[in-house]
Amino acid sequence: MLDTRYAIETPEGIDITLRPVGPLPRILAYTVDLLLRWAVLLVLGLFLTYLGAFGIGIISILYFLMEWFYPVFFEVYRGGVTPGKKGFGIRVVHDDGTPVGWSASLIRNLLRAVDLLPFAYIAGLVSMVLDGNFRRLGDLAAGTLVVYQHDAALRLESVAGSAAEKAGARVLPIALDRDGQRALLNFADRHETLSPQRQEELAAILDNLTGEQGKHGVASLLKIANGLKGAQ
Amino acid sequence: MQFDRITVEVRPRSPWEALDLGIMMAREWWWPLLKAWLAVSLPVFIVLHLVLWNSPVIAITLMWWLKPLWERAILHILSRALFGELPSLKETLRAFPSLARRQWLASLTLRRLSLTRSMDLPVLQLEGLASKARSLRLRTLHKSSSNAAFWLTTVAMHVEMALYFAVLMLVYLFLPVGVDIDWFQVLSSEENALVVGQNFLVYLAMSLIAPFYIACGFALYLNRRTVLEAWDIELAFRRLRSQVDQPRGGRRTGSRAALSIFWVTILLAGFAPHSPALAEEPPVREVLTASSAQLTIEKITAQEAFHQQQTTSIPKWLDELNLDDDEEKPSKLLSPWMRDAVLFLARASELILWLVVLALILIFAHRYRDWLREHLPGAGARRENSASEAVPSVLFGLPVGHDSLPDDVIGQVQSGWRDGEHRAALGLLYRATLTHLMESHAVRFPPSSTEGECVALVTRNTCHEVSDFFSGLTSQWVQLAYGHRIPPEARVEALCSQWQHLFVEKNREP
């Protein structure tokens, strides 16, 4: 199955899934960071140029620091989130899922010097596409990953309507495994985002469980889901 | 749609994650996609450039303009591969003319500059919708994903350009120092061959990006439909249906008893919600005692998951030679006398190996005997005894001991000095001193010690007077022996009289 997940097994045998971020959101996040840096330099530059050569010296130093340590600062002190990354809900972590530290952050950001070869980060882009977990060369060297912070699926489910809960409850006719139960709950949570025809179509698949067709099939699936939730 | 054969993990994703999935899809089917793209577009590229040799800029612009047509071949492959039927290149080429014909005019005119092209293509090509139905459908699909589709096009465009410049830059970086190229001239040159070369680079960049671009757009479309039509739920329900069906499937093979049990279960299940007796029955709690828990634990840990099994294979003949159980298993491979020979060889080798170990230990003990003598416990006691040990006759290559000395040491030293044989004279005095130190003061000089170490040893083991004399004598001797500097005669006289005093007269006193 083709997917973009990255699984880590903890010593306790618990699987943690991270979802690495692909090139597109990362390019955009980088662009936001870049524009932000330029804006800051531009504003400071307007004032500092009044100081003549001294001001230009300061701008040069600031430029150097911002170019190399801007990402490091945010990654270490802001939990792996630069302002640009924050906009896309992504963050940098170690590839075991722990927050990124000084050494990893320094390595991954200093290696930008390699990633930006030969022009506009093409080496990093090629590395990201080839790697399978979307790591550029700096990430590979530092052992870091860029991952999504929030689960889109969770947000979808939170839309869940309360109408479903008024349908009444029914005990599960036969024992189902966890995935099956989850599918039923999922249906109850999301059925309002589906058209009535589609709801009936889906319910028709499980007519051997409910023994009913059409609207009644949908209703009894909702009842079963409520039963699973513990309603009486 | 053959949902059970889908090759992509179906779950609702954010549009950005859908784009990531698109990258993975393009990676997975990269070669088929690229081949199809090249097969349909490279001939056109060549023909266009041959026909329009004098205006290559128009040729590449046309190539770019026709992109939506080439992209249909890529989407064709993706849509089939998604359900596990990757079409061959031949099949794709056969399908291509009809794919390209569908609404080609609109694609190349009105919609050519649409920034959501990649995501809209599936609606046209796979759903075959046109005009009103199409725009309605697109409105539904665009609701949450058009943002991502827009950025996809924007970024893809920029990356395409960056790729083109990256190739030029790479060439530049690999040029040896001293080769100067006027890049401005190259890039703005009007010469056809150069422009065609640049066009080829542009086309190459297009070819590299196109599969990713179309796959990402397709992934956006898939994700939107997954959310809207709950594909993941449908898949899960289908799996569930077969689960529910399973007991019914077992009916035919099962016995009559199983059949009746099955019906009873179904009946009970059907009545369960309405039967208060069943519903109110308190659940039976198993009482957990230490011993029963222990039993459970043992039962669980005996399961396969808690054991590691390893299969090791060794060659058969080696197994035959296994010496541990040769009594029980007579070898089939070897005749008895051969087995005896092998056994004898083994025993002999074992003995030889032990002898080697013993010899090594002995050699080691001999080699480091001095070190061992000093560092092993009881070494101190042995050092005490060393006074009674025989005085060596040679020390640092110098003959020592009474046999090597004349009776009248001082007389010979003084006469030798007067004859000009300074080295021999002072050497004799030094040797005589060493001899006396060893004999009457029981000083033992290790063979490896230097002159300085000797002085230190004497300082530690004798009285002030003797050690002062010895250090004075040593410094003169070292200067003469190594530095070839002859000490003043008065100094030698003084040493002689001191020697007389310390070693001859004192010895007589008691």
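The values are calculated or read from the model by the stated rules, or taken from the named source; none is laboratory data. What you see is a predicted model; the values in this text were computed from it and never measured. Counting neighbours? That spans all protein chains shown, and the Cβs are built from the backbone with ideal geometry, glycine included. Quick note on the areas: whole protein, heavy atoms, side chains included, nothing else; ligands and nucleic acids left out. Shrake-Rupley method; radii C 1.70, N 1.55, O 1.52, S 1.80 Å.
What to note about this one:
- Yes/no for residue A:70 being of a type in the set (Ser, Thr, Tyr) and closer than 17 Å to residue A:112 by Cα: yes
- Considering residues of the stretch B:120-160 that are touching a residue at least 24 places away in the same chain (Cβ under 8 Å), outside any helix (DSSP H, G or I) and surrounded by 13 or more Cβ atoms within 10 Å (Cβ to Cβ) only, the residue farthest from the other protein chains (Cβ to nearest Cβ): B:130
- Tabulated pairs, the stretch B:446-468, first assigned by TED's automatic domain parsing to the domain that holds residue B:373, second open to solvent by less than 90 Å² (accessible area, probe 1.4 Å), C-beta under 8 angstrom, 6+ apart or interchain: none
- Residues of the stretch B:123-148 that turn out to be touching a helix residue (DSSP H, G or I) at 6+ places or on another chain (Cβ under 6 Å) and within 16 Å of residue B:67 (Cβ to Cβ), as a count: 1
- Candidates B:86, B:110 - the one that is free of Cβ contacts under 8 Å to residues at least 12 places away in the same chain and away from chain A (no Cβ under 12 Å): B:110
Table: residues versus (1) assigned by TED's automatic domain parsing to the domain that holds residue B:23; (2) modelled with pLDDT of 90 or more; (3) under 25 Å from residue B:80 (Cβ atoms).
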site: B:95; (1), (2), (3): yes, no, yes
site: B:98; (1), (2), (3): yes, no, yes
site: B:102; (1), (2), (3): yes, no, yes
site: B:112; (1), (2), (3): yes, no, no
site: B:165; (1), (2), (3): yes, yes, no
site: B:174; (1), (2), (3): yes, no, no
site: B:179; (1), (2), (3): yes, no, no
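- Listed by first and then second residue, the pairs with beta-carbon distance under 6 Å, at least 6 apart or on different chains, first residue in the stretch B:231-243 and within 7 Å of chain A (Cβ to nearest Cβ), second aromatic (Phe, Trp, Tyr), are B:233/A:187.
- Test for residue B:475: is it modelled with pLDDT of 85 or more and loosely packed, with under 13 Cβ neighbours inside 10 Å: no
- One residue stands out in the stretch B:7-38 among those that are more than 7 Å from chain A (Cβ to nearest Cβ) and either open to solvent by less than 10 Å² (accessible area, probe 1.4 Å) or of a type in the set (S, T, N, Q) (or both): the one that is nearest to residue B:205 (Cα to Cα), namely B:37.
Per-residue answers, yes or no, for (1) at pLDDT 85 or above; (2) among the basic types (Lys, Arg); (3) farther than 30 Å from residue B:374 by Cα:
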{"site": "B:427", "(1), (2), (3)": "yes, no, yes"}
{"site": "B:448", "(1), (2), (3)": "no, no, no"}
{"site": "B:470", "(1), (2), (3)": "yes, no, no"}
{"site": "B:480", "(1), (2), (3)": "yes, no, yes"}
{"site": "B:484", "(1), (2), (3)": "no, no, yes"}
{"site": "B:492", "(1), (2), (3)": "yes, no, yes"}
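- Some residue of the stretch A:60-78 being basic (Lys, Arg) and within 18 Å of the chain's Cα centre (by Cα): yes
- Tally of residues being under 39 Å from the mean Cα position of the chain (by Cα) and open to solvent by 10 Å² or more (accessible area, probe 1.4 Å) across the stretch B:187-212: 6
- Close pairs (6 angstrom Cβ cut-off, 6 or more residues apart or separate chains): more than 9 Å from chain B (Cβ to nearest Cβ) in the stretch A:193-213, assigned to a helix (DSSP H, G or I) and among the small types (Gly, Ala, Ser) anywhere: A:200/A:214; A:210/A:217; A:210/A:220; A:212/A:220
- Search result, residues across the stretch B:172-184 that are facing chain A (nearest Cβ under 9 Å) and closer than 16 Å to residue B:197 by Cα: B:172
- Failed condition for residue A:208, given (1) within 21 Å of residue B:3 (Cα to Cα); (2) buried (at least 19 other Cβ atoms within 10 Å of the Cβ); (3) of a type in the set (S, T, N, Q): (2)
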